[in-house]
1. Within the set of other residues whose C-beta is less than 11 Å from the C-beta of residue 106, count the net charge using Lys and Arg as +1 and Asp and Glu as -1.
2. Going by average Cβ density within 10 Å per residue, which order do the peptides 215-222, 302-309, 191-198 take, highest to lowest?
3. Using 0.36 nm per residue of separation minus the Cα-Cα distance, give me the extension gain between residue 85 and residue 250 in nm, one decimal.
4. For residue 153 paired with residue 95, estimate the spin-label separation in nm (one decimal), with each label point 7 Å from Cα along the Cα-to-Cβ line.
5. For labels at residue 177 and residue 204 in the simple 7 Å Cα→Cβ model, what's the distance in nm?
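Coordinate-derived values only; no laboratory data. Since this is a predicted model, take the numbers as computed values, not measurements. Please note: Cβ atoms are built from the backbone with ideal geometry, for glycine as well, and neighbour counts cover all protein chains shown.
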Amino acid sequence: MDPPDLERARHEGDPEPEARQRGGRGERAAGRTSGERDRREPRDSRDPCPGGGVAVQPFGGGDGGEPPGDYDMTPPQSLHLKFLTPEAVRAALARDSRLLVPVGTCEQHGPHLPLGCDTIIVERLVDDLSAAFGIIRAPAVEYGVNTATKRPYPGNATVRRKTLHRWMNDLLGSWEDCGVGAFIILTAHGHDPHQEALSTLRTRRARISSVDVFALDFTGYLEDPAGPTHGGELDTSLLLHLAPQLVRMDLAQDFLLPDRQRARYRRGATGALPARSPGSLGRPTLASAEKGARLYKMIYECLATRVLGAAAA
């Protein structure tokens, strides 16, 4: 956008605590937040949800197109921190002191999906939420704690749980000093050590909500909602909706597990992927852009109502 357009859009370390399994100060499920949220109406009537479709639960997307990412230097309609001047940040925080922080991964999701799958999903969510509600969004943290694998996948990059925890504590501390009163951390990666790093963050005064955007009941949206979802029907459908040009469905491979093993490799499991896995678990061949649009709308509206505490546009 041109500077005038951006101006109009604007009107709209601590010691690490003991790690706990699936717990901590920050709430991960999209239906729970740590602390009360100010109820705010969207700044305009723009509908960020994908066209059509009816949300079963009170999160929506936008039209497909170029995926979000730091390589795109066109200022977005969202209040993206890296495009704002210090004075613009001060003014925006005076209106709403919350900060949206997307945390992704650089990890394989099968031979058909890009390494930044998780990052693309949460960046689109924070862009749409920021644009709709006038909340500043931070640049994405592109790396997380990845699921262990028995063989290397080209491009994979992971950090240790302690590294992510300390990195995030440093970032949050800096932003808190600048006036941020509440942090809303969004991630689409359910690996337990990754979630522990985010759910045990500490600040001096600011509130923290760490939200796993996939911690929802997808019954009625997926043909196999109880199955492992790493690079499967859920991830692939969302990417077909958000960034179809990055998906290679001709390379998608279903990897089914016997019922007795499904619990072991549920989303969030800490064990390594099965040796025969193509890097994904589940049934990506069931995915479609239409499913992705419905899924994105549902996730967006749950975030808007349950986490931001305001009705979706």
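1. Details: positive: none; negative: 107, 118, 142.
Combined, the nearby Lys, Arg, Asp and Glu give -3.
2. Working: 215-222: 16.0, 302-309: 21.5, 191-198: 24.0.
Listed from highest to lowest mean packing, they are 191-198, 302-309, 215-222.
3. Details: separation 165, 0.36 × 165 = 59.40 nm, distance 4.42 nm.
Answer, rounded to one decimal: 55.0 nm.
4. Between residue 153 and residue 95, the label points sit 4.0 nm apart.
5. The answer from the label model is 0.9 nm.
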